[in-house]
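Some notes on the structure that comes next.
The values are calculated or read from the model by the stated rules, or taken from the named source; none is laboratory data. Since the structure is predicted, the reported quantities are computational estimates derived from the model, not experimental observations. Every residue, glycine as well, gets a Cβ built from its backbone with ideal geometry; the counts of neighbours run over all protein chains shown. Ligands, DNA and RNA are stripped out before the accessible areas are found, and what is left, the full protein with its side chains, is counted by its heavy atoms. Shrake-Rupley method; radii C 1.70, N 1.55, O 1.52, S 1.80 Å.
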Amino acid sequence: MDDQKDTSDLSIDDRFYLLLHKKIMNKTGSARRRAKKYYKDQYRKTGIIPRPLFLAGKGVMEGRKCSGRPRSLDEAVKIRFIEMVKSSCDPLSPGFIFITRKARTIKNYHYWLEQEFCRSISLQALRRLVKSENLKVYLEKPDTDEDIPVKHTFKSEPVFALIQIDGCRFRYLRIRNENGNWQAPQAIEIFDTGSRHMFDLDAWFEETSMNSLELFIRFLQGTEFPLDTICIRPDNAKGFLNLKRPINALNTAHSTPGGFFMKSDFSRIHSPKDKAHLESTHRSLHNFEIRVIKAFEDRIVKTVPTTIFNQGKKETITVTLLDITLQDLRNSGLIQEYRNEHNRNKHHFSENGRIEAWVPEQKMDRFLSEQTGTLTFSPGQVQEYMKYGFDKIKATVSTKRTIRHARQDYFVTIGANLFSRHKSTPVKISSYKDKLYIFEPGEDGVLLGEALACQPFDGPAVTRDIHTQPDEISRMIDFLEQRSMIVDRPALIEIYHRGIDLKQAKTIYMQHQQRYDTYMKKMRQPLQQKGKALFNAFALDCHKSMHAGHVAPYALHGDMT
């Protein structure tokens, strides 16, 4: 043989390992290991180089051709097997008897083929043939049209019975973040399962508690709710888990027996099937990214190759860098246009194994028109829930209604009566400017109150202004500071807790305004000292009023706000 002549100067062992290398050099992984072990075992047992290795030296690599063995399944067996499988799922076919889906097993067909051809037939070869000829669809075909498997299909849900919330990071583009660096935006969707209506959609850079809460509040303000139990299923990511608190607060304030109730049903960890309807829309969202790139084609900086993992496999894609900000993307109207297009166009949806078509907005409107009563929320009813969005840490409210945080004392101004004077109370707190928001310690704990720092806020600008209505004591502080007073916050909080509210504080100030003006003119002190003295005079007047048992009525003149 030619290869033997070429390697005649080699020992038989060297020749074996050379030919083995040629045989397995194009294989990888377990296939390479199995082939190497198989030929080494054959050589060790017989002392003869297997024939497939000699053929590999000539470039012949096909398995059965290398060994000289015939095909495991000849054409007659293959044709008959395919006919059996296809005919057995059709009651009207004369090619074979009808077999119910549960009994269509390869072993059954294997038995009948051996009986028919009177010889042994490889069962493994039949299994490979099922895969190569795509016969699985016939083996699993239901017996009747009504017998449709629901194992891998979407289950139908009534409208408003299940609302899903999830995020999807953009794949094909990156824009500039707050620091000027490139970052992919993250879209967050709120989606009704029954109608496939998309309540809201917006983009941020991260799935934070504040971002998810902002979208949730917009959803509450812009949605008409039926007077029924509404199951809401956010993703089990850290940014969404905080929604348990405002949902609990919402139910506490607005739920009624047999009426509106929002039930939180978070998806399980690493269980995308729990929100499969919403996950399926992410494919369309990735297609939408290309429309964004086209709309901002004049802002393309460059394109870069990037590696992603798709179902565990590495893929290389091209990512476009757009010189725009998140606000530019929002102002373009593309996100709202995409949401409107989804809601107002007809789509084909799969439910219970059947394909049906409808317009999400029409199905939602039809459902709401059939309701005898609905519930809507005004901005004032839900805007306060933005306080739930800040990060929370453990803290303790002392028996004196104070909290020690970040080397500063805070006095409880709202909800002080909820805390014991005999034992410290464990809570969770969020810091915002010179305030602490106080929550129950549980994962769905509601807002209990607020605490105010002894000193005014004098730190860096906050990254997120929540624009909530200021509390009464903050308005009292603003009122007094506008009148040149340097407010001693602990003293004012004590006065407030003893019954002096903003209206009474204005009345007391107006009653003694002339005396305060005289003090300011006569005192020869720096402005700060004069401001402290003026507040002390005001505090003394408040205590006198409390000791008198009432605050004398006074008709306010002019704008006192």
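Go through the range 263-273 and count every residue that is open to solvent by 80 Å² or more (accessible area, probe 1.4 Å) and either at pLDDT below 90 or in contact with a Phe, Trp or Tyr (Cβ under 8 Å, 6 or more places away or on another chain) (or both). Steps first, answer last, please.
First pass over the range 263-273, keeping only residues open to solvent by 80 Å² or more (accessible area, probe 1.4 Å): 263, 268-270, 273.
From the residues that got through so far, the ones that are either at pLDDT below 90 or in contact with a Phe, Trp or Tyr (Cβ under 8 Å, 6 or more places away or on another chain) (or both) too are 268-270, 273.
Residues meeting the conditions: 4.
Starting from the range 479-492, keep only residues that are free of Cβ contacts under 8 Å to residues at least 12 places away in the same chain and assigned to a loop (DSSP other than H, G, I, E, B), then list their pairs with residues that are surrounded by 20 or more Cβ atoms within 10 Å (Cβ to Cβ) and basic (K, R) whose Cβ atoms are within a distance under 9 Å, requiring at least 6 positions of separation or different chains.
From the range 479-492, no pairs qualify.
Yes/no per residue for (1) surrounded by fewer than 20 Cβ atoms within 10 Å (Cβ to Cβ); (2) touching a residue at least 40 places away in the same chain (Cβ under 8 Å):
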{"position": "R233", "(1), (2)": "no, yes"}
{"position": "L243", "(1), (2)": "no, yes"}
{"position": "L250", "(1), (2)": "no, yes"}
{"position": "S255", "(1), (2)": "yes, no"}
{"position": "G258", "(1), (2)": "yes, no"}
{"position": "F261", "(1), (2)": "yes, no"}
{"position": "K275", "(1), (2)": "no, yes"}
{"position": "E279", "(1), (2)": "yes, yes"}
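Being closer than 22 Å to P456 by Cα, open to solvent by 60 Å² or more (accessible area, probe 1.4 Å) and of a type in the set (S, T, Y): is that true of T396 here?
Yes: the conditions hold for T396.
Go over the candidates E481, E443, E494 one by one and state the one that is open to solvent by 40 Å² or more (accessible area, probe 1.4 Å) and touching a helix residue (DSSP H, G or I) at 6+ places or on another chain (Cβ under 6 Å).
E443
Take the residues in the range 315-344 that are under 22 Å from M198 (Cα atoms), touching a residue at least 12 places away in the same chain (Cβ under 8 Å) and over 23 Å from the mean Cα position of the chain (by Cα); name whichever of them is most open to solvent (accessible area, probe 1.4 Å).
R344
Would you please list the contacts, defined by Cβ atoms under 9 Å and residues six or more apart or on different chains, that run from a residue in the range 115-142 that is closer than 19 Å to E75 by Cβ to a residue that is of a type in the set (K, R) and in a loop (DSSP other than H, G, I, E, B)?
Sorted first by the residue in the range 115-142, then by its partner, the pairs are A125/R71.
Please go through the range 299-327 and pick out each residue that is at pLDDT 95 or above and acidic (D, E).
The answer is D323, and nothing else.
Just checking, how many residues over the range 160-214 are free of Cβ contacts under 8 Å to residues at least 40 places away in the same chain, closer than 23 Å to N345 by Cβ and open to solvent by 10 Å² or more (accessible area, probe 1.4 Å)?
Here the count works out to 1.
Go through G531, G445 for me and flag whichever is at pLDDT 85 or above and assigned to a loop (DSSP other than H, G, I, E, B).
Values: G531 fails: assigned to a loop (DSSP other than H, G, I, E, B).
So the residue among G531, G445 that is at pLDDT 85 or above and assigned to a loop (DSSP other than H, G, I, E, B) is G445.
Please give the number of the condition K238 fails out of (1) in contact with a helix residue (DSSP H, G or I) (Cβ under 6 Å, 6 or more places away or on another chain); (2) over 20 Å from V159 (Cβ atoms).
Every listed condition holds for K238 apart from (1).
Only residues that are more than 19 Å from N177 (Cα to Cα) and in contact with a Phe, Trp or Tyr (Cβ under 9 Å, 6 or more places away or on another chain): list them for the range 307-325, please.
Selection gives E315, I317, T318.
Identify, please: which residue in the range 152-190 is in contact with a His (Cβ under 7 Å, 6 or more places away or on another chain) and of a type in the set (A, V, I, L, M, F, W, C) and is, among those, nearest to K302 (Cα to Cα)?
The residue in question is C168.
So K58 passes all but one of these: (1) open to solvent by 90 Å² or more (accessible area, probe 1.4 Å); (2) over 30 Å from W112 (Cα atoms); (3) at pLDDT 75 or above. Which condition number does it fail?
Exception for K58: condition (3).
Search the range 410-436 for residues that are within 22 Å of D471 (Cα to Cα) and pair each with any residue that is surrounded by fewer than 19 Cβ atoms within 10 Å (Cβ to Cβ) and acidic (D, E) when their beta-carbon atoms are under 8 Å apart and the residues are at least 6 apart or on different chains.
Listed pairs, sorted by first residue: T413/D471; I414/D471; V427/E440; K428/E440; S430/D391.
Does Y385 fit the bill of being open to solvent by less than 30 Å² (accessible area, probe 1.4 Å) and farther than 19 Å from P490 by Cα?
yes
Here is a list: Y109, Y39, Y43. Which entry is at pLDDT 85 or above and either closer than 22 Å to L123 by Cα or charged (D, E, K, R) (or both)? Even if it seems obvious, please write down each step before you answer.
Values: Y39 fails: either closer than 22 Å to L123 by Cα or charged (D, E, K, R) (or both); Y43 fails: either closer than 22 Å to L123 by Cα or charged (D, E, K, R) (or both).
Exactly one of Y109, Y39, Y43 is at pLDDT 85 or above and either closer than 22 Å to L123 by Cα or charged (D, E, K, R) (or both), namely Y109.
Tell me which of these L220 doesn't satisfy, since it passes every other one: (1) assigned to a helix (DSSP H, G or I); (2) surrounded by fewer than 18 Cβ atoms within 10 Å (Cβ to Cβ).
In the conditions (1) assigned to a helix (DSSP H, G or I); (2) surrounded by fewer than 18 Cβ atoms within 10 Å (Cβ to Cβ), L220 misses (2) alone.
Among (1) acidic (D, E); (2) assigned to a helix (DSSP H, G or I); (3) modelled with pLDDT under 85, which single condition is D559 missing?
If we test D559 against (1) acidic (D, E); (2) assigned to a helix (DSSP H, G or I); (3) modelled with pLDDT under 85, just (2) comes out false.
Here is a check on your reading of the model: is G499 at pLDDT 85 or above, part of a helix (DSSP H, G or I), open to solvent by less than 50 Å² (accessible area, probe 1.4 Å) and closer than 26 Å to K435 by Cα?
Answer is no for this residue.
Which of the numbered conditions does F349 fail, given that it passes all the others? Conditions: (1) in contact (Cβ under 8 Å) with a residue 24 or more places away in the chain; (2) open to solvent by 40 Å² or more (accessible area, probe 1.4 Å); (3) more than 26 Å from F260 (Cβ to Cβ).
Here F349 clears every test but (2).
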